[in-house]
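Here the structure comes first, spelled out in structure tokens, and everything after it is commentary.
The values are calculated or read from the model by the stated rules, or taken from the named source; none is laboratory data. Bear in mind the structure is a predicted one, so any value in this text is a computation, not a measurement. Reconstructed Cβ throughout: ideal geometry from the backbone, glycine too, with neighbour counts over all protein chains shown.
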Amino acid sequence: MTTVLLHTVGGDGLGHLSRSLAIAQALAGHAGVRPVLLTESRDVQLAEGYGFPMYMLPARYAIPPDSAWQGIRCVGSQLWRNVYAEVLAQIGPDLLVHDTIVYDDIFHLAQLQSIPQSLVLRQRPTVASISRTILSGMRVIVLPADVRDQAIPDHLLGTTRIERCAPILRPWSGKVVRETLLVQYGLDPSAVTTIVCNAGGGAFIEDPFLDIVGGALRLVSEHIRDLQVLVVVGPLFQQALDAVCGIPGLRLYSFLPDLVPLFAAAQLVIARGGYNTIHELLQVGVPSLCLPARRSHDDQAQRIDDAAHQARNVQRGQETPDGLAVQILDVLKAPLFGHSDVDVFTTGADEAAVALLKAIS
Amino acid sequence: MPGRILFHAINHVGLGHLNRLLAIAEYLREGCALKQCLFLIEGGRDLIQSTDLPWIQIPAFGDFRSERWLKWFGISECEKYPEGITRAVAQIFGPDIVVLDTVLYKPVVAGIAGTSAKVVLVGRIGDLLRRQLDSGIPEFDRLDLVLVPQEEAEISITDRQRLRKIKCRVVYTGPIVRDRGGDPQQLRRTLGLSESDPLIVLTLGGGGWNFAERLLMSVIEARGLILHKVPTCKLVILCGPHFTGSLPKTDDFVLYVSQFEPNVGAFLRAASVVVCMCGYNTMNEVVLAEVPTICVPAPEADDQLARASDYERRFPRITTGCLDPIVLANQISALLMEPRRVSESAVPTDQRTKTRQLVCAEFSRLQTGDV
């Protein structure tokens, strides 16, 4: 039995976890391979549904400075290190896979125990902050495609084996019975359906997204009487919901595990610019207005612009209610429903799993 | 003055154990300057993440989460995992006091064996604790203090005799319950409701009992009759993080559905009527919220039937209900048609203050060795 431990760090979104789950699912499809997750995330719902063995730690870098953690901050990193050591001892992984962020302590612990390690690296700029020691300690670095940048950074050239793969997304069948799906969510198939997706919803700073979108949709509803809106605020969302609660025809959810089929059934999606969201929108081809979320390690505005260059269905959304309302009305007048400009990405997780297993075979 | 406190909450079908320990951490923080605490949890991340209290999750066994491990690993391997993580945490954290809730979970007690920590059990009387007391498990000898989160008068003579078997100090504290705040008026505005709009809040606790799904279905089936009598009525469903049944979609009646809300207190106080099961925390929270409540006890929970009749007798706003949608609809409609203002704010009762002071005093005595 080959045990693969997937270490995932996340704080303000669910992208890293989502990708690790996709890879875990692909790994589980290989005979004799058992995936185990070690996640440091604020997620509480997404991972539970997948049924993989899982260790859960808090997202270390997302701990608020004024929280009760402060008192034990002095022992904080030792605490994580001790737990990492225990996890490695308990399951004795044949491979440790990091997603984009590599913590020194778990890397060195695994290295001391001669546990092979690999890296799935989503954001190319991040690589500059990873030490050459760590990069050279990887058996393989898997680079999932991103609309943003395709070049291999200098840091990686000549250091380690690089494997490219298609975007790594959780599996989607590509088939949607639109009427059935909409009815299942209490929506009317004959009405104009807009999905608002705030991704993980875990912005650390005040985020005006729902204020802008709520204001815009109220304006739009004066022109489109049969508008219905399904809003998913994100499982990490903790702000007030006032901004969206007054939207006519509203269906409000904190979290839905699988939004892609709903995207495919909608006339319009209003979303953010994270890796998973953008690639899912490209995959589905639904008309989309994307408003970037501010992230410390990602440039969502750039990704949205790059996606808009490559595919007709993605546009950058105006960040004012009036401007966004005009865009929404334009899109809904001439919908590109069901149209996809890009190849459908279904193979990324499988390609990554094969590359990871090949590295230890 | 408590120093480092390590809490362990076993949590499989509800959130009661974790909620109670969070209440104790909050009491200690309010009352006697808790220095450091850390929670070992087995679930309920959404609950603890709604506080700022530190946590580490240990693998859980003995419930639905076991399957994910046992599919890939042997049982003998799995059984060592919680103990190992507990030991790894305790070595670094160095607790002065370890607090367990109701269950003396062997892997955790074994994991702290190498420390000199004093051990407190918060022991709610129910079948879980009775079984452990009757079988005389050796872990009881490790205890330094037992806090019973009930009034002594609530406890039967037989149970009091059981508790006398414990060698350490046993203190009856009264209900240990959190006051999960939030402004009910603001919440109503957020939900698009005026102060007078009739609102049913259905809370299913942690949502782990199978009965939770049946209660939800009964309330949904009662919809037509309720709307016939109170046409503007809305329903909010708080199904709990462990709930695995299918949820109704939001529509003109079902206003909002949520797997978890950190400010449950605001929902309870914003309600015209609460429909719930009879878990320890929910019942004490509805008492605190002073809201008309229909409680439908889950027979699969060891203590809910007795609690339902006890609370119905003691608190005039609480009525026991059943799964029959017609009966339920009539009970809900009757309460909805009674005029009632939404509570202004959460006012901690004298009972809560008294309990907090008692708990703080017991922890201080434990720390100074004056037990």
Subject >> Residue match in the stretch B:152-164 (condition: at pLDDT below 95, part of a loop (DSSP other than H, G, I, E, B) and within 30 Å of B:Lys80 (Cβ to Cβ)) >> reply: no
**OP:** Could you list all residues from the stretch B:71-95 that are crowded, with 16+ Cβ neighbours inside 10 Å and away from every other protein chain (no Cβ under 12 Å)?
**Re:** none
Subject >> Residue list for the stretch B:235-256, restricted to those being surrounded by 20 or more Cβ atoms within 10 Å (Cβ to Cβ) and closer than 20 Å to A:Leu187 by Cα >> reply: B:Leu235, B:Val236, B:Ile237, B:Thr250, B:Val254, B:Leu255, B:Tyr256
**OP:** Would you be able to tell me the number of residues in the stretch A:254-294 that are surrounded by fewer than 21 Cβ atoms within 10 Å (Cβ to Cβ) and either among the basic types (Lys, Arg) or within 14 Å of another protein chain (Cβ to nearest Cβ) (or both)?
**Re:** 3
Subject >> Residue in the stretch B:260-299 that is farthest from B:Arg189 (Cα to Cα), counting only those that are in contact with a strand residue (DSSP E or B) (Cβ under 8 Å, 6 or more places away or on another chain) and within 14 Å of chain A (Cβ to nearest Cβ) >> reply: B:Phe260
**OP:** Please list, ordered by first then second residue, the pairs with beta carbon atoms under 6 Å, 6 or more apart or interchain, first in the stretch B:326-338 and touching a residue at least 40 places away in the same chain (Cβ under 8 Å), second part of a helix (DSSP H, G or I).
**Re:** B:Leu328/B:Ser218; B:Ala329/B:Leu225; B:Ala329/B:Ile226; B:Ile332/B:Ile226; B:Ser333/B:Ile226; B:Ser333/B:Lys229
Subject >> Condition met for A:Val75 (under 19 Å from B:Phe39 (Cβ atoms), outside any strand (DSSP E or B), at the interface with another protein chain (Cβ under 10 Å from one of its Cβ atoms) and modelled with pLDDT of 80 or more) >> reply: no
Original post:
What number of residues in the stretch A:88-113 are more than 25 Å from the chain's Cα centre (by Cα) and farther than 26 Å from A:Pro167 by Cα?
Top reply: 11
**OP:** Can you confirm whether the stretch A:250-265 contains a residue that is touching a Phe, Trp or Tyr at 6+ places or on another chain (Cβ under 7 Å) and either basic (Lys, Arg) or more than 30 Å from B:Gly240 (Cβ to Cβ) (or both)?
**Re:** yes
Subject >> Residue satisfying all of: in the stretch B:27-54; of a type in the set (Asp, Glu) and within 8 Å of chain A (Cβ to nearest Cβ); surrounded by the most Cβ atoms within 10 Å (Cβ to Cβ) among these >> reply: B:Asp46
Subject >> Any hit, the stretch B:96-116, residues being modelled with pLDDT of 90 or more and within 9 Å of chain A (Cβ to nearest Cβ) >> reply: no
Original post:
What do you reckon, is B:Glu139 crowded, with 17+ Cβ neighbours inside 10 Å, without any contact (Cβ under 8 Å) to a residue 60 or more places away in the chain and closer than 30 Å to A:Val4 by Cα?
Top reply: no
**OP:** Filter the stretch A:174-202 down to residues that are touching a helix residue (DSSP H, G or I) at 6+ places or on another chain (Cβ under 8 Å) and of a type in the set (Ser, Thr, Tyr) and give me whichever is nearest to the other protein chains (Cβ to nearest Cβ).
**Re:** A:Tyr185
**OP:** Exactly one condition in (1) more than 8 Å from chain A (Cβ to nearest Cβ); (2) surrounded by 19 or more Cβ atoms within 10 Å (Cβ to Cβ) is not met by B:Arg68; state its number.
**Re:** (1)
Subject >> Residues that are modelled with pLDDT of 85 or more, of a type in the set (Ser, Thr, Tyr) and over 17 Å from A:Tyr253 (Cβ atoms), drawn from the stretch A:178-225 >> reply: A:Ser190, A:Ser221
Original post:
Which of the residues belonging to the stretch A:104-134 are over 25 Å from A:Val83 (Cβ atoms) and part of a helix (DSSP H, G or I)?
Top reply: A:Arg124, A:Pro125, A:Val127, A:Ala128, A:Arg132
Original post:
Hey, B:Ala212 hits all of (1) touching a helix residue (DSSP H, G or I) at 6+ places or on another chain (Cβ under 9 Å); (2) crowded, with 23+ Cβ neighbours inside 10 Å; (3) outside any loop (DSSP other than H, G, I, E, B) but one; which does it fall short on?
Top reply: (1)
